[in-house]
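Asker: Once you've had a glance at the structure underneath, I'll fire off some questions.
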Amino acid sequence: MSKPSQRFSTEYKLNNKEEWQIPMANYVRKMATPLVTPDEAQVLYKAATGEILETDYLHMLPSIAANTDRFKSYPSKVRNYPIIPRAILALLGEKATRPIIPIVAALNSDYINKQAKYEFDETLKSVQQQYLIELQQLGMQVEPEMDANGNPIPPKSPEQIKIEKNSLPDNMAKDGQDALDLFNYMYDIPEKFRENFLHWIVTGRVVSHKDVRHDELVYDVFPPSQLSVVMSKNVRYIEDSEAQFRTYSMPLSELDDLFDGNKDYEEVRDDINRLINRGNDTFSYAPNQAGYWFNDLSRQSLNRTVLNNELIVHHLVFTSEVKIGRLTTITGETVEVDENYEPTDYDNIEWKWVKQLWEGYIVADRFYLGFQPLPLQRAKFENPYSVKSIYNGRLYGSQFAPFQGIVKTLFPYQVLRNILKFHIE
């Protein structure tokens, strides 16, 4: 499947859903590879809570039942004696006791210059004060700096000035530290770190989502099984990949908040609401009661788009391109202009295609909404490939030999323990 051309104007991309948005969404959806498959994630997360499915013992149970009449009537079954949850709880408990002490270091700070200026000013002031005091003692009419009792203030020694210089506050670092402390409190950063630590233990993958919505910072973590990516084998950070495709569920109220003011959403909101109600009707019947109506292909498709009063939503983030120009003025200054700038005959302008990050949503596998360039872009004329996704994570190991989570490493030992217990019984 070929990738649609990216070198169209932003206006064309926004106004051509059938010709550009849907083909781009289908391309990302087809090319994206899941970080963790849903089936594998289900097995691993169940094992993390101490639940092992009977299908994990099929390699030994049928042979016992088939070859030995005594085991055919044996009243016992393979039971789970969990060892994985204890290991996970121990790790999570140890993680919870680790202090998270963020320390801010201001880059390009003026703190050193501020210290040098303070030392120079105070030294000059002390020399002047000492000189005025000595002139006053010689009987000259001068007025050195006095204290509240009318006595001359003694000049500071070089050692005292150095101590005061070193104790000056670094206001830039202090402001950054205060901001970071506020973020830790507002977005519960330590709790999200512990949650992602659990995902790393279980799956060996860590992902996060950072964005700005309605002038508010968004930061959340989620299971890696929700995310698929289009990325090179040489990429280690997900934010540097070509595209991301996240699948999760969302109630109608959250959709209303997400697409507040979106005209396309207002046109299909009633259809989405009816879809949710039809989905609820579907789950109110048992398969043997519903008969042919339940097995109809359209109903099966509906079941995959509605889950517990929530709609399945796919969020796409992908790299596109936009044309920008560098305008050189008469004075020699350069100004960056967007693609809508109309140059005059006197303009000296150079055009270039740079990377641009886009997003879009597929709701219930049929409604394509919210396709737009993200408001915060990093790529500039001088650095056209500097784009970072709002989804990020780290891939440990390599894509040829990915890192295995602790649960997956312990899983064979858990199964072996249960089999040995079964034989002993």
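The values are calculated or read from the model by the stated rules, or taken from the named source; none is laboratory data. These numbers were taken from a predicted model, which means no experiment stands behind them. Cβ placement follows ideal geometry from the backbone for every residue including glycine, while neighbour counts extend to all protein chains displayed. Heavy atoms of the whole protein, side chains included, go into the accessibility calculation; ligands, DNA and RNA do not. Shrake-Rupley method; radii C 1.70, N 1.55, O 1.52, S 1.80 Å.
Asker: Going through region 311-339 one residue at a time, which ones are free of Cβ contacts under 8 Å to residues at least 60 places away in the same chain, in a loop (DSSP other than H, G, I, E, B) and at negative phi?
Answerer: Initial filter on region 311-339 (free of Cβ contacts under 8 Å to residues at least 60 places away in the same chain): 324-338.
With in a loop (DSSP other than H, G, I, E, B) added as a condition, the list becomes 329-333, 338.
Selection gives T329, I330, T331, E333, D338.
Asker: Identify, from the list K388, K421, K355, the residue that is on the phi < 0 side of the Ramachandran plot, in contact with a helix residue (DSSP H, G or I) (Cβ under 8 Å, 6 or more places away or on another chain) and open to solvent by less than 80 Å² (accessible area, probe 1.4 Å). Write out each step before concluding.
Answerer: Values: K421 fails: in contact with a helix residue (DSSP H, G or I) (Cβ under 8 Å, 6 or more places away or on another chain); K355 fails: in contact with a helix residue (DSSP H, G or I) (Cβ under 8 Å, 6 or more places away or on another chain).
Of the residues listed, the single one that is on the phi < 0 side of the Ramachandran plot, in contact with a helix residue (DSSP H, G or I) (Cβ under 8 Å, 6 or more places away or on another chain) and open to solvent by less than 80 Å² (accessible area, probe 1.4 Å) is K388.
Asker: On to the next question. Of the residues in region 4-21, how many are open to solvent by less than 30 Å² (accessible area, probe 1.4 Å) and not in a loop (DSSP other than H, G, I, E, B)? It would help to see each step written out before you state the result.
Answerer: Let us first name the residues in region 4-21 that are open to solvent by less than 30 Å² (accessible area, probe 1.4 Å), namely 4, 6, 10, 13, 20-21.
Those still in the list that are not in a loop (DSSP other than H, G, I, E, B) too: 10, 13, 20-21.
So the count comes out to 4.
Asker: Moving on to the next point. Among the residues of region 363-402, write down those that are under 25 Å from V206 (Cβ atoms) and part of a strand (DSSP E or B).
Answerer: Once the filter is applied, which keeps residues that are under 25 Å from V206 (Cβ atoms) and part of a strand (DSSP E or B), region 363-402 yields Y391, N392, G393, R394, G397, P402.
Asker: Just give me the residues in region 155-207 being in a helix (DSSP H, G or I), within 14 Å of F222 (Cα to Cα) and of a type outside the set (F, W, Y), in sequence order.
Answerer: Residues of region 155-207 in a helix (DSSP H, G or I): 158-166, 171-186, 189-203.
Retained after the next criterion (residues that are within 14 Å of F222 (Cα to Cα)): 189, 191-203.
Within region 155-207, I189, E191, K192, R194, E195, N196, L198, H199, I201, V202, T203 qualify.
Asker: Residues that are crowded, with 17+ Cβ neighbours inside 10 Å, among the charged types (D, E, K, R) and touching a Pro at 6+ places or on another chain (Cβ under 7 Å): does region 242-261 have at least one?
Answerer: No, region 242-261 has no match at all.
Asker: Being open to solvent by less than 60 Å² (accessible area, probe 1.4 Å) and within 30 Å of I419 (Cα to Cα) narrows it down to one of I83, I133, so name that one.
Answerer: Working: I133 fails: within 30 Å of I419 (Cα to Cα).
Residue meeting the stated conditions: I83.
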